Amino acid sequence: AGIETLGYEVAMDVKAKYGKFPEAIIVTHAGGGNVTGTARGLLKAGAESTEVIASSVDLTGLHMASDLDFNRKSFTTGHTGFGFPFATWPDRADVPRNAARALRYMNRYVTVTQGEVFYVTEMLAQLEGIERGPAGNCSLAAAVSIAKEMPDDNIIVVQETEYTGAGKHPTAQLTFAKKQGIEIYRGDPKENIPGRKIVIPEQPNQIKSSKKSLNATAYGKSILIQGAGADVGGTVDKAIKFFGIPALIENAQFIEC
């Protein structure tokens, strides 16, 4: 993602053109490199007041270690299957000291549905003639929602370096989803169920990002419950007692995600 240089250039370009730093920059989040590089660059440029908003596609309920679930997610990156664990308790960090580094720089973390991202992907193609892989439009989908909350003179930068092609065209993705038995229709995106339903909005005003808690250790929660299994009934409190480590995480906050 160009550590520091990318965010620095964004900040300076916006200031040169509009006379101020952007009020917010929305970055698609998976492993955290893009968020980290952008945020550090903003700080180097002096854009300390710019809000860094991370955005992921909500794939709640799909396990990334499952071949069946993996083929039903329709997104190769920019989703919560990577976003949550890498922001809370990553198990695959190459450098342990970098664990959860993106969490340090997020002012806000939001999610959008699969259908909302597909809608925005087609919208961008129709209005601007730009075709991008759906995962690359996750931050744009969030921006469509967040822009409605902000004053008209505020500046939002949509930052995403997602490459195009590689079979990521939305038509191919939706066709594959249908072959997997996933229901696809136009309607209220709140009805979207990852792996079962992809609901594409009928109007842009239906796009609504969902804010997530930055105090969550959802990944740690899943490890505890999966490890304890049926022996403790699958609850957080019983899992903590089962493992005998209440002192370690008694103050941890858990959310469903």
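Calculate, for Ala147 and Lys20, the FRET efficiency according to 1/(1 + (r/R0)^6) with r their C-beta to C-beta distance and R0 22 Å; round to the nearest 0.05. Please report the intermediate quantities before stating the final value.
Values: r = 17 Å, r/R0 = 0.77.
The computed FRET efficiency comes out at 0.85.
Once you've got the Cα coordinates, tell me which of Lys17/Lys148; Lys44/Lys208; Lys20/Lys44; Lys20/Lys208; Lys20/Lys148; Lys17/Lys211 are over 25 Å apart.
On the way: Lys17/Lys148 23 Å; Lys44/Lys208 32 Å; Lys20/Lys44 15 Å; Lys20/Lys208 27 Å; Lys20/Lys148 20 Å; Lys17/Lys211 30 Å.
Over 25 Å Cα-Cα: Lys44/Lys208; Lys20/Lys208; Lys17/Lys211.
From least to most packed, judged by other beta carbons within 10 angstrom and beginning with the fewest, Ser209, Ser49 follow the order Ser49, Ser209.
With each label modelled as a point 7 angstrom along the Cα→C-beta vector, the Ser213-Ile193 pair spans 2.5 nm.
For a footprinting-style exposure proxy, rank Phe21, Phe118 by other Cβ within 10 Å, fewest first. Numbers along the way, then the final one.
Working: Phe21 20, Phe118 27.
Least to most surrounded, the residues fall as Phe21, Phe118.
What the phi angles of the stretch 145-155 give under the Karplus curve with 6.51, -1.76 and 1.60, with θ = phi - 60°, is a coupling list of 6, 5, 4, 6, 8, 10, x, 4, 8, 6, 10 Hz, glycine and proline written as x. Residues Lys20, Lys208, ranked from the fewest to the most other C-beta atoms within 10 Å, line up as Lys20, Lys208. Residue-wise HN-Hα couplings along the stretch 41-54, as the Karplus relation 6.51 cos²θ - 1.76 cosθ + 1.60 with θ = phi - 60° gives them from phi, are x, 4, 5, 4, 7, x, 8, 6, 8, 5, 7, 9, 10, 8 Hz; Gly and Pro carry x.
Every number in this text was worked out from the coordinates using simple rules, so none of it is lab data. Keep in mind it's a predicted model, so treat the numbers as computed, not measured. Positions of Cβ are generated from backbone atoms using ideal geometry, with glycine treated the same way; all protein chains shown enter the neighbour counts.
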